[in-house]
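Visitor: Below you'll find the structure I mean.
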2 protein chains.
Amino acid sequence: MTLETLSENRSFGGTQGVYRHRSQATGTDMTFAVFMPELVANERVPVLWYLSGLTCTHENAMTKAAAQQWCAEAGIAMVFPDTSPRGDDVADDEAYDLGKGAGFYVDATQDPWAPHYRMWRYVVHELPELVGDAFAIDREAMGITGHSMGGHGALTIAMTHPERYKSVSAFAPIANPTESDWGRKQLTAYLGDDRAAWRAHDATILMAEKGFPREVLIDQGSADQFLDKLKPEALAQAMMARRQPGQFRMQQGYDHSYFFVQSFMADHVMWHAERLL
Amino acid sequence: MTLETLSENRSFGGTQGVYRHRSQATGTDMTFAVFMPELVANERVPVLWYLSGLTCTHENAMTKAAAQQWCAEAGIAMVFPDTSPRGDDVADDEAYDLGKGAGFYVDATQDPWAPHYRMWRYVVHELPELVGDAFAIDREAMGITGHSMGGHGALTIAMTHPERYKSVSAFAPIANPTESDWGRKQLTAYLGDDRAAWRAHDATILMAEKGFPREVLIDQGSADQFLDKLKPEALAQAMMARRQPGQFRMQQGYDHSYFFVQSFMADHVMWHAERLL
């Protein structure tokens with residue numbers, strides 16, 4: 001496996017790097033970012049996965065989430081994957097919320113998406129293995145978070161693989177995509193008309209059916225311009241009906257932007273650090 | 001107005017007192033407790049009302065909630081009212097959840113309860129006036145919290161009178177009494193069969209209809225033995241659907257006891273103090 005270094009910058013005593021590799025999962029080149037804190041001796045550090053939202057690449061959160069300072073303080077790594085396959089031969093759509101930048105963290109089964117849109121296996125299987133080989137991270141101490149479509153990814157992935165992810169949180173997640181304009185279109189395109197196949201990719205359904213064996217943290221802004229698509233009330237209901245340990249916070253006046261994400265990043269990084277260290 | 005001092009004890013540099021007075025609201029003698037922190041100069045301090053749950057008197061939280069240390073540190077007073085009228089000529093029921101110790105913070109309109117069961121006006125109007133006259137508290141800086149039936153009282157009172165209560169929180173509140181065995185029986189007995197009269201006393205309905213103009217904090221234990229009666233999922237759904245600022249926390253493994261209340265009392269007192277000081 002070859003990993004090409006695109007850039008590395010000193011950041012809070014550690015290193016913020018951007019890397020490219022050939023992905024077997026997507027059949028394309030993929031770019032991702034990793035923040036590594038200053039290492040003590042030869043110890044491996046816990047790692048927090050950050051999944052981004054619609055239209056994002058590996059870069060948005062890396063530059064705008066202000067996570068590095070907290071990861072450095074806590075002594076944990078953060079990985080920022082891309083949100084879809086890229087390249088001229090990869091199917092796309094004119095809409096911002098389908099195709100490139102909108103992989104929805106599923107493995108597509110429908111044409112024209114099936115050949116490359118394999119973001120679930122990329123994020124859950126291929127990239128952790130690659131990062132575990134190339135960086136001093138402890139794959140037994142992984143947490144996952146994300147924003148919007150990435151919050152959807154983080155919650156669905158963690159609830160499906162609680163043995164792999166010790167901790168999970170989300171910022172303004174797409175919480176009930178099978179009942180949302182952010183979800184029905186994409187799940188139909190990627191997975192087909194059979195709604196049974198969608199259920200594994202809906203955080204509210206997974207919360208009702210299985211939950212997560214440890215505490216969950218969810219932050220949502222009350223002035224979010226996409227609340228009608230995110231549907232936090234559905235996930236909150238499912239969470240409390242299940243008696244899922246954790247907390248659901250409605251943050252007054254915050255919108256859907258990275259100004260919101262940045263404002264609560266310290267809480268989330270420290271939440272994961274407490275559970276991973 | 002005559003206030004009889006039943007006891008006063010030094011506590012964390014302040015005073016924990018128990019007092020008796022003749023109540024116009026209930027037409028009975030009523031006993032309540034007040035914790036006053038050490039006063040600085042002649043300043044009046046903010047006050048946090050603590051409403052207790054079924055079977056309680058003024059005494060339970062006073063002795064078991066370990067609130068005094070945090071109120072002393074924050075410099076706020078706490079008042080602990082009783083949960084019903086008392087006395088030989090006061091109607092009662094054999095059940096623990098109706099009659100004495102179970103006033104539900106309503107003004108009864110139905111016999112045999114109507115003559116004395118006026119806990120809403122007692123807690124909201126009469127007692128604040130009395131306490132404001134007798135103690136160095138600032139009636140412009142009042143918050144309210146409570147446990148179980150008292151959480152129900154705190155939430156319904158605060159949403160009805162947001163101009164009087166600057167802050168509100170609840171421990172394991174009876175969240176949707178119009179749909180619960182802890183609610184339907186009592187609201188029928190005290191207010192009659194007309195469910196329209198019940199709506200003003202259901203936190204989930206009030207949350208859906210009007211909410212609270214500032215942040216709300218609710219804690220619930222995941223191992224609470226009364227979850228089927230408390231219905232936190234209904235209130236969480238209403239809260240997030242409204243985009244009500246605040247947080248709903250499901251605390252792993254905690255039950256309905258004062259060990260739960262005590263474990264999160266510091267968070268609640270400090271939450272109120274931040275908003276009252």
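The values are calculated or read from the model by the stated rules, or taken from the named source; none is laboratory data. The shown structure was predicted, so the numbers you read here are calculated from the model rather than taken from an experiment. In this analysis, Cβ positions are derived from the backbone assuming ideal geometry, glycine residues included, and neighbour counts consider all displayed protein chains.
Visitor: Within region B:41-53, does at least one residue satisfy the condition of being over 23 Å from B:Leu155 (Cα atoms), within 19 Å of the chain's Cα centre (by Cα) and either surrounded by 23 or more Cβ atoms within 10 Å (Cβ to Cβ) or not charged (D, E, K, R) (or both)?
Guide: no
Visitor: Same structure, new question: Mind checking whether some residue in region B:193-201 is surrounded by fewer than 23 Cβ atoms within 10 Å (Cβ to Cβ), out of contact with any Lys or Arg (no Cβ under 8 Å at 6 or more places or on another chain) and closer than 26 Å to A:Gln247 by Cα?
Guide: no
Visitor: A further question on this structure: Could you tell me whether region A:18-35 includes any residue that is part of a loop (DSSP other than H, G, I, E, B), without any contact (Cβ under 8 Å) to a residue 60 or more places away in the chain and on the phi > 0 side of the Ramachandran plot?
Guide: No - not one qualifying residue is present in region A:18-35.
Visitor: While we're looking at this one, here's another question. Those residues that are crowded, with 24+ Cβ neighbours inside 10 Å and either part of a helix (DSSP H, G or I) or out of contact with any helix residue (DSSP H, G or I) (no Cβ under 9 Å at 6 or more places or on another chain) (or both), I need them from region A:205-219; list them, please.
Guide: Residue satisfying the conditions is A:Met207 alone.
Visitor: Which pairs have Cβ atoms under 8 Å, sit 6 or more apart or on different chains, and link a residue in region B:203-227 that is more than 10 Å from chain A (Cβ to nearest Cβ) and in contact (Cβ under 8 Å) with a residue 40 or more places away in the chain to one that is assigned to a helix (DSSP H, G or I) and among the polar types (S, T, N, Q)?
Guide: B:Ala203/B:Thr156; B:Leu206/B:Thr156; B:Leu206/B:Thr160
Visitor: Here's something else I'd like to know. When you scan region A:237-247, do you find a residue that is closer than 24 Å to A:Val124 by Cα, within 20 Å of the chain's Cα centre (by Cα), away from every other protein chain (no Cβ under 14 Å) and of a type in the set (A, V, I, L, M), even just one?
Guide: no
Visitor: Going through region A:61-98 one residue at a time, which ones are of a type in the set (Gly, Ala, Ser) and either more than 17 Å from the chain's Cα centre (by Cα) or in a loop (DSSP other than H, G, I, E, B) (or both)?
Guide: Scanning region A:61-98 gives A:Ala65, A:Ala66, A:Ala67, A:Ala72, A:Ala74, A:Gly75, A:Ser84, A:Gly87, A:Ala91, A:Ala95.
Visitor: Can you tell me which condition A:Tyr96 does not meet? The list is (1) farther than 25 Å from A:Met36 by Cβ; (2) crowded, with 19+ Cβ neighbours inside 10 Å, and all the others hold.
Guide: Going through the list (1) farther than 25 Å from A:Met36 by Cβ; (2) crowded, with 19+ Cβ neighbours inside 10 Å, A:Tyr96 breaks only (2).
Visitor: Collect the residues in region B:193-204 that are assigned to a helix (DSSP H, G or I) and under 16 Å from B:Thr160 (Cβ atoms), keeping them in residue-number order.
Guide: Selection gives B:Ala196, B:Ala197, B:Trp198, B:Arg199, B:Ala200, B:His201, B:Ala203, B:Thr204.
Visitor: For region A:251-274, give me each residue that is crowded, with 17+ Cβ neighbours inside 10 Å and out of contact with any Gly (no Cβ under 6 Å at 6 or more places or on another chain).
Guide: A:His256, A:Tyr258, A:Val261, A:Phe264, A:Met265, A:His268, A:Val269, A:Trp271, A:Ala273, listed by residue number.
Visitor: Another question, then. Cβ-Cβ distance below 7 Å, separation of 6 or more or different chains: which pairs start in region A:2-15 with a residue that is closer than 24 Å to A:Ala74 by Cα and end on one that is assigned to a strand (DSSP E or B) and charged (D, E, K, R)?
Guide: Cβ pairs passing all conditions: A:Thr15/A:Glu8.
Visitor: If I ask for residues that are aromatic (Phe, Trp, Tyr) and within 29 Å of A:Asp92 (Cα to Cα), which ones from region A:164-221 would you list?
Guide: A:Phe171, A:Trp182, A:Tyr190, A:Trp198
Visitor: Tell me which of these A:Glu179 doesn't satisfy, since it passes every other one: (1) within 16 Å of the chain's Cα centre (by Cα); (2) more than 17 Å from A:Ser52 (Cβ to Cβ).
Guide: Every listed condition holds for A:Glu179 apart from (1).
Visitor: Let me ask something additional. Can you name the condition, by its number, that B:Val40 falls short on among (1) farther than 27 Å from B:Ala172 by Cβ; (2) in contact with a strand residue (DSSP E or B) (Cβ under 9 Å, 6 or more places away or on another chain); (3) modelled with pLDDT under 95?
Guide: Failed condition: (2).
Visitor: Can you tell me how many residues within region B:86-107 are touching a strand residue (DSSP E or B) at 6+ places or on another chain (Cβ under 7 Å) and under 30 Å from B:Ser167 (Cβ atoms)?
Guide: Number satisfying all stated conditions: 2.
Visitor: Checking A:Asp255 against (1) under 30 Å from A:Arg139 (Cα atoms); (2) charged (D, E, K, R); (3) within 14 Å of chain B (Cβ to nearest Cβ), only one condition comes out false. Which one?
Guide: Unmet for A:Asp255, out of (1) under 30 Å from A:Arg139 (Cα atoms); (2) charged (D, E, K, R); (3) within 14 Å of chain B (Cβ to nearest Cβ): (1).
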